[in-house]
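Data first, discussion second: the structure below is written as structure tokens.
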Amino acid sequence: MGTHFSEWSRACIITIVMGIRPQRTIGSVIVAVTLFTITACQKPTSDTLQQSPTSARALDGRLADPASLQQDDGQWVMSAKNYAATRFSSLNEITPANVKQMGVAWTFSTGVTAGHEGPPLVVGDTMYLVTPWPNILYAFDLTKPGAPIKWQYDPKPLGAAKGVACCDLVNRGAAFANGSIFFNTLDGRTIAVDAKTGKERWVTQLTDINRGETMTMAPLVVKGKVFVGNSGGEFGVRGWLTALNADNGSVAWRAYSTGPDKDVLIGPNFKPHYDADRGTDLGITTWPGEAWRIGGGTVWGWLSYDPEADLLYYGTSNPGPWNPEQRPGDNKWTAGMFARSPETGEARWFYQTSPHDLYDHDGVNEMVLADLQISGGTRKVLMRADRNGLLYVMDRLTGEVLSATPFVPVNSNKGVDLKTGRLIPTKEKEPKQGIVVRDICPSAPGAKDQQPMAFSPKTGLLYIPHNNICMDFEGMAVSYIAGTPYVGASVVYKAGPGGNRGFFTAWDPVAGKPRWQIKESFPVWSGALVTGDVVFYGTMEGWFKAVDANTGQPLWQFKCGSGVIGHPMAFKGPDGHEYIAVTAGIGGWPGAIVTADLDTRDATAANGWGGLLGDLKSVTTKGGMLYVFTVGGGK
């Protein structure tokens, strides 16, 4: 079944007459006098938005496949919530009317003070959380007060991996399938652990930290294969996506992002929509000499999957080095998006969002799948808010660009030629070696980096946490030395128009414009979650916020102990009530200003963040905490 959406076909009316709300812990109900009268029901627009199957909960997840479990909004079995990467839950106990009563149910300190990005998982009555390096996997018992630790698994990753991690020691989460928890370690291992006992099932080493190659992304499990990608584009690493057999960890296939067609798994069924992506061995011929061997295109971001089309979607990162004068050509297949067969890895189409990327505009941001009403018909689309500042709506079956609209102030490009699919560059903003080009918008971290947006089939809106940042860029000559930075640029970031450094935006992908927008002082580096009519996100100062999904009206906020760059999630506890969980722990690329205690008198600190975030240390400190909230707190 697919995981995308179409329009509501009829309205639903739910009338709830409630008596005394039960006092409770997460694991037990103390008093309950509640009367529910329900008339009519919700009808999903397609198969993702469904009532949670009771069988999945009863199985405790041990025997269930993620294809079915993703439909149970009581659980959260993959980082993006579902294959469509919507980060939407139909749980609706928490509403705009009662969210102000939300409080802390329980907390857990990870003991790690690096950036906390990945969300926890909930399978049955157990929550799972992977920390940043040293990547400890915890299992918590949700049936007991305070959710004590059931077990923990320590993979003991190599400390040397910290020295070649580009952008902090983050981990973006785990995935559950058929009784196992799958996750990656910073030193490049994918691990399967028994979800019930914490016993190691298998370990597969995939990267070489001596070349600067690490792993930070969240796996995705589809049809018995675990999909993982590498990090290290700033170290001259050659990017790839690898499929592992879920039962034993053996490599099923690997598709590189550069090189000959046979390495990229391009064959007779590769049918890109645009002429620029057609030809033989473009992964070599669009590079100078042997530069493709150290050309980047790593796969450290998000994956989506359409079961009906049987297509796996993911993006490739920037080409290396940043200095574009050292790599003339389109630099295929970096800074774009692939659709592939999950069984064989065979490429079906590719689209390059930033040909010959000039600004470190990785193409790894999440692709949200939905069915939208466009020009009088239903289109199967994917949507991506790209680092280049454009919100893409694309036909996910063919790779055709339907629209590409700026969602921030953009002067580095003039949009997309919809006939050729090609990004239109702005000549005067192109970087030059030895020359500082000023006020390029957006900056290298982009209009939005990896921080994932959410999509509500109920409102039809995307909820985008993002940046408002410009930069000065100077290209510099650089030589490749394995295991050392291969960047070739000096950059300094600055606030974009208006002076605020971040936004949280509700975007109408059909109309191609914002419905509402909230200004934030700092870049909004957390993920977004939409559950019912409430949207959640966090700020780098440490506020975790709830706003009305329809209007953007602020409803509630909680001050966490450290900056929130985590990705919130929702689940139904064993007591039947809705909970929201998020991690707080400043870090990631911008937060390294705090975690690495960088001197912001150097404006180029953290590859340009020093000039923008000189005040970050005054508003937050290092931390690492899991917070779990519910209406009424833990009373």
- Which residues, counting only those in region 320-355, are closer than 22 Å to PRO485 by Cα and without any contact (Cβ under 8 Å) to a residue 40 or more places away in the chain? ALA335
- Query: Would you call GLU290 without any contact (Cβ under 8 Å) to a residue 40 or more places away in the chain and of a type outside the set (Gly, Ala, Ser)?
  - Reply: yes
- Item | Matching residues, region 605-635, being surrounded by fewer than 16 Cβ atoms within 10 Å (Cβ to Cβ), among the hydroxyl-bearing types (Ser, Thr, Tyr) and in a loop (DSSP other than H, G, I, E, B) | THR621
- Taking the stated definitions as given, is VAL222 touching a Pro at 6+ places or on another chain (Cβ under 8 Å) and touching a residue at least 40 places away in the same chain (Cβ under 8 Å)? yes
- Of all strands (runs of 3 or more DSSP E) completely enclosed by region 198-290, which ones contain at least 1 residues that are within 24 Å of the chain's Cα centre (by Cα) and surrounded by fewer than 19 Cβ atoms within 10 Å (Cβ to Cβ)? 200-205, 240-245, 251-256
- Message: Go through region 120-133 and report how many residues are open to solvent by 30 Å² or more (accessible area, probe 1.4 Å) and either under 22 Å from the mean Cα position of the chain (by Cα) or free of Cβ contacts under 8 Å to residues at least 60 places away in the same chain (or both).
- Response: 1
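The values are calculated or read from the model by the stated rules, or taken from the named source; none is laboratory data. Bear in mind that the values here come from a model prediction, so they are computed numbers and not experimental data. Cβ coordinates were reconstructed from backbone atoms using ideal geometry, including for glycine residues, and neighbour counts include every protein chain displayed. Just the protein is used for accessible areas: all its heavy atoms, side chains included, with ligands, DNA and RNA removed. Shrake-Rupley method; radii C 1.70, N 1.55, O 1.52, S 1.80 Å.
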